[in-house]
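The structure appears below as structure tokens.
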Amino acid sequence: MSFSLFVNGETDSIIIESSDSTFQSSSHEALSQMLGSASFSVKEADRGFQFEIQDSEAQLEDEVIKANSTTALPSGRELKIGTLTIIASINSTRAEVSGKEDVKSWTARSLIALIILFEILFITVLPSTFTGEENFQREYLLEEISEELDILRRRVQSDLKGHSKKSSMKSGILKDIKEALDGIANDLRLNPKAFSLTDLESTSQNLAACNKLLNRLSYSPVVNEGNISINKQALLDQAFTE
């Protein structure tokens, strides 16, 4: 082991590095000049040093060390000889990093890298994933609406050719429904991208209301009687708002 000796005087300060386990102040010229007639020795011991003062006295906190007496001096503890302050400190070498600590270090770095990677994915990939899911829902709903439109248009066309001829009022309502369905089908065919997911959901609800109206027209004795007058616009409004 080695130790350092810090000596601080009123005007000068020195640092002495010792590679031996024992140091004698008289062997160091600059220190001897600062001490004057006093001298001391320092020897490494467990958890500190053995300190001995010659031809003078020293003070370790409240303890007065008489000449030619030995006392334990902890590493880093301040000692006074006259106007000088002396601190002896053991130089501890840096411990080698163990394999276990090295593994922990790499694990910590890997976790940090994963966190950064996840943040990048959250910023770049996830938004596109959500957009893709919305597009899938939109395409699925668009397909359902197209099929429902075909079914309703065939049904209206069939009703127009059937018993509706006996009732001018029912025929008029069916023609209005056919015109509305043809308009929706034409818009979907020419510009399907103009329909957002919300627009398609609203269209799907309107088609459901239209199907309900057709069911009422099929079984309503009022509408199927040709000699009874009824406000067909009020009937349409009621079917699409319930």
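The values are calculated or read from the model by the stated rules, or taken from the named source; none is laboratory data. Fair warning: this is a prediction, and the values are worked out from it, not measured in the lab. In this analysis, Cβ positions are derived from the backbone assuming ideal geometry, glycine residues included, and neighbour counts consider all displayed protein chains. Surface areas here come from the heavy atoms of the whole protein model, side chains and all, with no ligands, DNA or RNA. Shrake-Rupley method; radii C 1.70, N 1.55, O 1.52, S 1.80 Å.
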Candidate set: the range 195-210, residues that are touching a residue at least 60 places away in the same chain (Cβ under 8 Å) and not small (G, A, S); chosen: the one surrounded by the most Cβ atoms within 10 Å (Cβ to Cβ)
L200
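Against the condition at pLDDT 85 or above and open to solvent by less than 90 Å² (accessible area, probe 1.4 Å), how does I15 come out, does it pass? If you could, list the steps in order and put the result at the bottom.
Values: at pLDDT 85 or above: yes; open to solvent by less than 90 Å² (accessible area, probe 1.4 Å): no.
For I15, the condition - at pLDDT 85 or above and open to solvent by less than 90 Å² (accessible area, probe 1.4 Å) - is not met.
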Test result for S2, small (G, A, S), open to solvent by 30 Å² or more (accessible area, probe 1.4 Å) and touching a residue at least 60 places away in the same chain (Cβ under 8 Å)
yes
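Residue-by-condition table, conditions (1) touching an Asp or Glu at 6+ places or on another chain (Cβ under 7 Å); (2) surrounded by 13 or more Cβ atoms within 10 Å (Cβ to Cβ); (3) modelled with pLDDT under 80:
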{"residue": "T131", "(1), (2), (3)": "no, no, yes"}
{"residue": "E143", "(1), (2), (3)": "no, no, no"}
{"residue": "D176", "(1), (2), (3)": "no, yes, no"}
{"residue": "G183", "(1), (2), (3)": "no, no, no"}
{"residue": "L190", "(1), (2), (3)": "no, no, no"}
{"residue": "K193", "(1), (2), (3)": "no, no, no"}
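Among the residues of the range 39-62, is there at least one that is in contact (Cβ under 8 Å) with a residue 40 or more places away in the chain, open to solvent by 40 Å² or more (accessible area, probe 1.4 Å) and out of contact with any helix residue (DSSP H, G or I) (no Cβ under 7 Å at 6 or more places or on another chain)? If you could, list the steps in order and put the result at the bottom.
Within the range 39-62, the subset in contact (Cβ under 8 Å) with a residue 40 or more places away in the chain is 40, 42, 44, 48-49.
Now restrict to residues that are open to solvent by 40 Å² or more (accessible area, probe 1.4 Å): none.
No, the range 39-62 contains no residue that is in contact (Cβ under 8 Å) with a residue 40 or more places away in the chain, open to solvent by 40 Å² or more (accessible area, probe 1.4 Å) and out of contact with any helix residue (DSSP H, G or I) (no Cβ under 7 Å at 6 or more places or on another chain).
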Please find, among S32, S26, the residue that is surrounded by fewer than 15 Cβ atoms within 10 Å (Cβ to Cβ) and in a helix (DSSP H, G or I).
S26
